[in-house]
Amino acid sequence: MTTLAGKMMLQRSPLFRGLPGPSLDRIAGLAIQRSFREGEIVFSQGDPGDALYAVVAGRIRISSGTADGREISLNIMEPGDTFGEIALLDGGTRTATATASEPSELVSIRRDHFAALLEREPRVALELLRLCGERLRWTSGLVEDAALLDAPGRLAKRLLSLSALHGQRTKDGTTLKISQEDLATFLGVSRQVVNQYLQGWRAQGWVDLGRGSVTVRDEAAIRRASQAR
């Protein structure tokens with residue numbers, strides 16, 4: 001990729017933002033850009049962890065397979081987000097699968113190049129530790145929710161967290177671009193279960209439903225639902 005395009009992307013990423021211009025230029029020179037079609041897999045759970053990825057455009061869904069063959073969504077990566085850092089650090093295999101949920105542009109930095117970068121730029125190493133801690137808290141929250149909350153409570157809590165991270169504020173509330181099928185994979189339930197609760201909340205005026213989107217209109221009501229046991 002061009003140094004200018006790479007530098008602009010790096011400046012948007014919390015992992016690299018704040019580095020001096022020459023450092024950003026060097027990192028951009030190492031980055032490789034690639035396009036992914038909707039539904040195309042970036043890497044699969046169990047693959048070698050040979051590169052760090054950053055989203056330039058589009059959306060990447062991070063998911064994990066369960067022992068009984070089901071798929072659980074863990075997170076959504078959007079422009080400026082980085083992912084794939086865990087396997088990159090320890091040299092192990094990928095702990096999750098990354099899939100393009102729409103046409104996407106990514107850049108990647110190979111593990112050997114990134115390791116050399118960490119030696120030269122301690123600030124990146126500190127930010128990477130913060131990022132790993134944030135991802136660990138997110139994953140621990142999913143495990144805790146699965147153990148303590150019923151299905152509507154988990155749906156409400158996931159709606160709030162995803163809306164806070166990826167939602168767009170409008171005059172009607174916060175709109176989250178996500179399908180009911182994708183919401184179902186976040187919870188490990190069927191789409192019919194998700195639709196049942198969303199339709200009930202819609203009837204009460206808590207949410208609006210669009211094609212591939214959910215708008216949270218009454219955040220207080222959804223928050224109360226997220227605390228139910």
- Message: Explain nothing, just the number: dipole magnitude of region 3-146 about its Cα centre with +1 on each Lys and Arg Cβ and -1 on each Asp and Glu Cβ, in debye rounded to the nearest 20.
- Response: 420
- Note on the structure: Percent relative contact order for region 3-146, counting Cα pairs under 8 Å at least six residues apart, stands at 30
- Item | Computed [θ] at 222 nm, deg cm²/dmol, the chain (DSSP H ≥ 4; -39,500 (n - 2.57); rounded to nearest 500) | -14500 deg cm²/dmol
- Item | Taking Val194, Val189 and counting other C-beta atoms within 10 Å, the order from fewest to most | Val189, Val194
- Item | Peptides 124-135, 86-97 ordered by average Cβ neighbours within 10 Å, highest first | 86-97, 124-135
- Item | Point-to-point label distance, Glu71-Arg17, nm (Cα→Cβ direction, 7 Å offset) | 3.0
- Please work out the FRET efficiency for the pair Arg110 and Ala164, using the Cβ-Cβ distance as r and a Förster radius of 25 Å; give the result to the nearest 0.05. 0.15
- Task: Answer with one residue from Gly58, Ala28, Leu176: the one whose Cα lies farthest towards the positive end of the charge dipole of the chain, charges on Cβ with Lys, Arg +1 and Asp, Glu -1.
- Result: Leu176
- Please work out the C-alpha center-to-center distance from region 30-77 to region 121-142 and express it in whole Å. 18
- Take the alpha-carbon positions of region 159-229, form their convex hull, and give its projected area averaged over all directions (one quarter of the hull surface) in nm². 4.5
- Task: Find out how many positive minus negative residues lie around Leu89, taking Lys and Arg as positive, Asp and Glu as negative, among other residues whose Cβ is under 14 Å from that of Leu89.
- Result: -1
- For Ile32 paired with Asp150, estimate the spin-label separation in nm (one decimal), with each label point 7 Å from Cα along the Cα-to-Cβ line. 5.0
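Read-outs: derived from the displayed coordinates by stated rules, not from any lab. It should be emphasised that the depicted structure is a prediction, and the values quoted were computed from it without experimental measurement. Neighbour counts are summed over all protein chains in view; Cβ atoms, including those assigned to glycine, are modelled from backbone coordinates with ideal geometry.
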